[in-house]
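See structure below.
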Amino acid sequence: MPARMKLTNVNLLRLFEAPGAGDLGREFRSRLFPRKTLVYSPSDEADLVFIVKRGRLRVYLSYEDREFTLAFLEAGDIFSTHTRAFVQTVEDTELLVTGTAAFQQRVSEIPEVSQAMVKVLGDLLKNSLSTIEGLVFKDARLRLVEFLAAAAADRGRPAGGGIMVELGLKTEDIALLVGTTRQTISTIMNDLIKAGIIEKIDRRTICVRKLDELTAWKDSL
């Protein structure tokens, strides 16, 4: 499985409005963080659960001078400080935060929350294993092509004979997610553009002009 931009398709913000949710929202308090803020680290003693209300964060591991991105968190995603990962904002972000004990109690009371949590944890594990597999067994070109193909499938929309994909990520963010350098990403993207496979619309948006060739290129690597 390729690296994905969003951790999971589950949007926990919708559960606040679900039947039976009651006063679930009262358990959470809002916290604002500017771009490029380290929100949580493995050394923190905070025992918290948070849901992303708006913005984007990066979840990553750090070893000596290397960083390994596991996922990006977007609106509706949930995460806990009970991991060995760092969590840093990619853009201005608002989190809904509560204590783990309070959240565990509400989870037991609301079946929808329990089901969503199981899905989130499963997606996180799958994404982490996929990231490790890609870094160990695949080169940067294949990892990027798989990422673009997955992005087109996840959030692409037909437009002008191609598939418009709002990545929402700058080149440096894609490099972090794929596990390579910004220069390498730029080189591979330029190769795809010259081949007419993709078109760069702006810094965060591309149009996949030839999805079949992108897929074929992925399979040939």
**Complete:** For the pair ASP92 and LYS53, the simple spin-label estimate (label points 7 Å beyond Cα toward Cβ) gives in nm 1.4 nm
**Item:** Accessible surface of region 136-220, 1.4 Å probe, proportion on carbon and sulfur as whole %
**Value:** 50 percent
**Fill in**
Note: LEU13 to THR187 extended length (0.36 nm per residue) minus current alpha-carbon separation gives 58.8 nm
**Request:** Throw me the Rg/Rh for region 136-220, computed over C-alpha atoms with Kirkwood Rh, two decimals.
**Result:** 0.92
**Fill in**
Note on region 178-221: alpha-carbon gyration tensor, axes a ≥ b ≥ c; rule is a/c under 1.5 for rounded, else prolate if a/b larger than b/c, else oblate; result oblate
**Prompt:** How do the peptides 171-178, 45-52, 29-36 rank, highest first, by the average count of neighbouring beta carbon atoms within 10 Å per residue?
**Reply:** 171-178, 45-52, 29-36
**Request:** Would you work out what percent of the accessible area of region 13-109, with all protein chains in place, is carbon or sulfur (probe 1.4 Å)?
**Result:** 47 percent
**Asked** Simple spin-label model, 7 Å along Cα-to-Cβ: GLU166 to ALA195 in nm?
**Response** 2.8 nm
**Request:** Note down, for region 13-109, the three equivalent ellipsoid semi-axes (square root of 5 times each alpha carbon gyration tensor eigenvalue), biggest first, whole angstrom.
**Result:** 25, 15, 11
**Complete:** To the nearest 0.05, the calculated FRET efficiency linking SER41 and ARG155 through their beta-carbon distance, R0 being 22 Å, is 0.15
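The values are calculated or read from the model by the stated rules, or taken from the named source; none is laboratory data. No experiment lies behind these values; they were computed from the predicted model shown. No Cβ is skipped: glycine too gets one built from the backbone with ideal geometry, and neighbour counts run over all protein chains shown. When the accessible area is computed, the model is the full protein with side chains, heavy atoms only, and any ligands, DNA or RNA have been set aside. Shrake-Rupley method; radii C 1.70, N 1.55, O 1.52, S 1.80 Å.
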